[in-house]
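Chemist: Dropping a structure here in structure tokens format, bear with me for questions.
The values are calculated or read from the model by the stated rules, or taken from the named source; none is laboratory data. On a predicted model such as this, the values are computed, not experimentally measured, just so you know. Cβ: placed from backbone, ideal geometry, glycine included. Neighbour counts: every protein chain shown. Side chains are part of the model used for accessible areas, which takes the heavy atoms of the whole protein and leaves out ligands, DNA and RNA. Shrake-Rupley method; radii C 1.70, N 1.55, O 1.52, S 1.80 Å.
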Amino acid sequence: MRNRFVATVAVATVAALGLAACGSSNTPEQGAAPNTSLATKAGGAGGDVGVFTWWAAGSEKEGLDALEKLFKEKYPNNNFVNLAVAGGAGSNAKAKLASDLQNNQPPDSFQGHAGAELLDYIDAGQIEPVNDVITALGGDQVFPKNLLERITVNGNIYSVPSNIHRANVVWANSEVLKKAGINSVPKDIASWMADMDKVKASGVSTPLSIAGSWTQVQLFETVLISTLGPEKYSGLFDGKTAWDSAEVKQAAADYKKLLTYANTASDGDDWPVATDMVIDGKAAYNVMGDWAVAEFTAKGKKEQTDYQYFPVPGQDGVFDFLADSFTLPKGAKNPGGAKDWLMLVGSADGQKAFNMAKGSIPARTDVPPTDFPPYQQSAMEAFKSNTIVSSIAHGAAVSLAWNADITTAISKFYTTKDDATLVTDLTAAAKKNLG
Ligand code: GAL
């Protein structure tokens, strides 16, 4: 199921994503288990609604706060309980969630990535279909068809998408680049590293900022995309591209060299540590998902004057995709309240409030771009015209277990700097997880 899914949707243009309203059906098959408790009561079902995320601090919390505020306004009968666990990319949250689900102590709703990661929860029988919520929200008239495919199994839809993020963005400090005499965007990884030499020569000792392991996985995935191109990169997840191919070896060697330009990171460093290095002029570049734009905004920084952004060199026209979505866990104490939350998350108002604050773009296609800041408008354009590939670090391309194995390999590499062993470890991880 997982491989079928990845093969079908890993490379798609927005035309294939059906951004225009799709007439074709992506609705549940006849006989799909109906949800009986869609709470449509004015003011909400009532009671506590425990929502589990990793949006616990800073600009990420601002996104969640925007949703919470609207939830309280629209569903005053409900009591929102914030169960957020700090740590970007769910680096701590996912373990806590796994044990809560294992112990039959699920939250009323939790954040899960559309794609391979969601399939894990579906395969494990931990979440319920939410077809009725998606239908009530407008179904494939308002959500891109291929996004719905990423959360659909056997005709059942298992989550409500809240947003779409892009992982392959370089964030750069304008002043640092100016001092280094850099005034154009590098065309590939090699010319980018040549620019990093200029940054070093201008007196900034760490041109590139990184944080803990998952940010390194994300950086590595973008190097893979540049070296392999979108088609072969996508083939890594369905067995069509070998993990010990010459291109992956080249990517590992490039990645090794890239790290020579970076600061020393500790495993626990969260992404704002790295992004703030760019904001503070201590680094020229940070590769970070576009949640970073919210950090620049929160720190009062202005686009172009203070910072710039561009796709990771070598991947113009490629959108490294991930989407957050919210679930209805099996055994949730307040399924009616959870559905109120899902209705809010999937509503046009909810998507506008959340994505304006979060740096992402709405999953819905009927939220006007003109309401958004320039970065998000450009991301919406890119999402429409680019080739879409799936993020490794953020649950779109690989399962939780495979992601954990890749993270272990990348983390080991950070200590050893042995790129041959990195390729061997990644190849073994693929073999284990692809079967
Ligand atoms: C991703 C998540 C984003 C953002 C990021 C950093 O996994 O999808 O919404 O939270 O982690 O924490």
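Chemist: Note the angle between two axes, namely the Cα long axis of helix 58-74 and the longest principal axis of the Cα atoms of the chain, as a number of degrees from 0 to 90, rounded to the nearest 10.
Modeler: So the inclination is approximately 20 degrees.
Chemist: Another one. Over the chain, with the other protein chains present, what is the accessible area per residue in square angstrom, probe 1.4 angstrom? Please list the in-between numbers first.
Modeler: Working: 15940 Å² over 435 residues.
With all protein chains present, the chain gives 37 Å² per residue.
Chemist: Moving to a separate point now. log10 I(q)/I(0), Debye, Cα-only the range 190-253, no solvent, q = 0.21, 0.27 Å⁻¹?
Modeler: So the normalised log intensities are -0.91, -1.12.
Chemist: I'd like the Karplus ³J(HN,Hα) series for the range 365-374: coefficients 6.51, -1.76, 1.60, θ = phi - 60°, whole numbers in Hz, and an x wherever there's a Gly or Pro.
Modeler: Per residue, the Karplus-derived 3J(HN,Hα) values read 9, 10, 9, x, x, 4, 6, 9, x, x Hz.
Chemist: Ordered by packing density, taken as the mean number of other Cβ atoms within 10 Å over each peptide's residues, highest first, how do 98-106, 287-295 rank? Write out the running numbers ahead of the final one.
Modeler: Working: 98-106: 14.1, 287-295: 24.9.
Result, highest mean first: 287-295, 98-106.
Chemist: Output wanted: per-residue J couplings in Hz (rounded whole) for the range 286-299, from phi through Karplus 6.51 cos²θ - 1.76 cosθ + 1.60, θ = phi - 60°, x for Gly and Pro.
Modeler: Per residue, the Karplus-derived 3J(HN,Hα) values read 9, 8, 8, x, 7, 4, 4, 4, 5, 5, 4, 5, 4, 8 Hz.
Chemist: Considering only protein heavy atoms and a probe of 1.4 Å, how much of the accessible area of the range 304-427 is carbon and sulfur, as a whole percent? All intermediate terms of the calculation are to be shown ahead of the outcome.
Modeler: Numbers: 2160 of 3860 Å².
The computed percentage sits at 56.
Chemist: Ok, one more. How do 191-200, 126-135, 370-379, 156-165 rank on mean C-beta neighbours within 10 Å, highest first? Provide the component values of the computation, followed by the final result.
Modeler: Numbers: 191-200: 18.3, 126-135: 22.2, 370-379: 15.6, 156-165: 25.5.
Descending mean neighbour count gives 156-165, 126-135, 191-200, 370-379.
Chemist: What order, most packed first, do the peptides 224-233, 297-306 have when packing is the mean number of other Cβ atoms within 10 Å of each residue?
Modeler: Details: 224-233: 21.7, 297-306: 13.2.
In descending order of packing, they fall as 224-233, 297-306.
Chemist: Tyr307's amide H: which non-local residues (gap 5+, or another chain) put their own amide H closer than 5 Å, with H modeled 1.01 Å from N in plane and none for Pro or chain starts?
Modeler: Those qualifying (amide H under 5 Å, at least 5 residues apart or on another chain) are Ser174, Lys302.
Chemist: A follow-up question, please. I'd like the orientation of helix 400-416 relative to the chain: the angle between its Cα long axis and the longest Cα principal axis, in ° from 0 to 90, rounded to 10.
Modeler: Relative to the chain, helix 400-416 is tipped by roughly 20 degrees.
Chemist: Going by alpha carbons, how many degrees (0 to 90, nearest 10) lie between the helix axis of 348-358 and the longest principal axis of the chain?
Modeler: Between helix and principal axis, roughly 30 degrees.
Chemist: In sequence order, what are the phi-derived ³J(HN,Hα) couplings for the range 255-263 according to the Karplus relation 6.51 cos²θ - 1.76 cosθ + 1.60 with θ = phi - 60°, rounded to whole Hz, with x for glycine and proline?
Modeler: Once θ is set to phi - 60°, the couplings for the range 255-263 become 4, 4, 5, 4, 5, 5, 9, 9, 5 Hz.
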